[in-house]
Amino acid sequence: MIRLEKSEALQRKIRRDDIPELAIPTWTLVRDAVKAGKIDEALELLDYGCYEAKQVHDILAAFPDIALTYIVNRCGEEEIMKVLRGRYYDRAKDFIARISDPKEALQRLVEQQRAHFSDFTVVEEPDRYVVIADPCGSGGRLRRIKDVGVTKKAYPWSWSKLVFLIIVAIAVHISRSFQLNYVDTQ
């Protein structure tokens, strides 16, 4: 039997299903509840599934911060962009090559922010789209829940800020690649 019940120890709900059912993905239970017309149950399971996904996301998002901070501490802050260029440049180039127009670029980028569980808004200006995240779903949210690596010097890629989240360098690198190369694909 599927049971979503409050845990006093955790101070939140957790699935306390029968053992064989613990392996059924929560999203499958959501789908089954919707198909059965059990809307309240589906909504409760949906909220719980989002909680599960955020927990995994935050754990996985913390790793790049740990890895980049390790590189910075061993090799220096100047090495960050070299590492990121090697990892993300071709990926950003491929992303750009598959975009048909700026609106589709926006749609794909905000799709990723939604997947990051970001709190953000999108504003259309005469010459561009502006995405405002508060916080973004990776570095911004991480800094609210744990200590994260920060720079000790200002760099062009840190918008000349002295204390800059190291994990945000990934987004800066991808954004710069996008801005510099999107024009070339037109």
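The values are calculated or read from the model by the stated rules, or taken from the named source; none is laboratory data. Quick caveat: nothing in here was measured; it's all calculated off a predicted structure. Here Cβ is always computed from backbone atoms with ideal geometry, including for glycine, and neighbour counts include all displayed protein chains.
Considering 42, 61, 67, 33, the condition of being surrounded by 15 or more Cβ atoms within 10 Å (Cβ to Cβ), at pLDDT below 95 and not β-branched (Val, Ile, Thr) is satisfied by 61 alone. Looking at residue 28, is it out of contact with any strand residue (DSSP E or B) (no Cβ under 7 Å at 6 or more places or on another chain), of a type in the set (Val, Ile, Thr) and more than 30 Å from residue 130 (Cβ to Cβ)? Answer is yes for this residue. How many residues are touching a residue at least 24 places away in the same chain (Cβ under 8 Å) and in a loop (DSSP other than H, G, I, E, B) if we restrict to the range 1-24? Summing the residues that are touching a residue at least 24 places away in the same chain (Cβ under 8 Å) and in a loop (DSSP other than H, G, I, E, B) in the range 1-24 gives 1.
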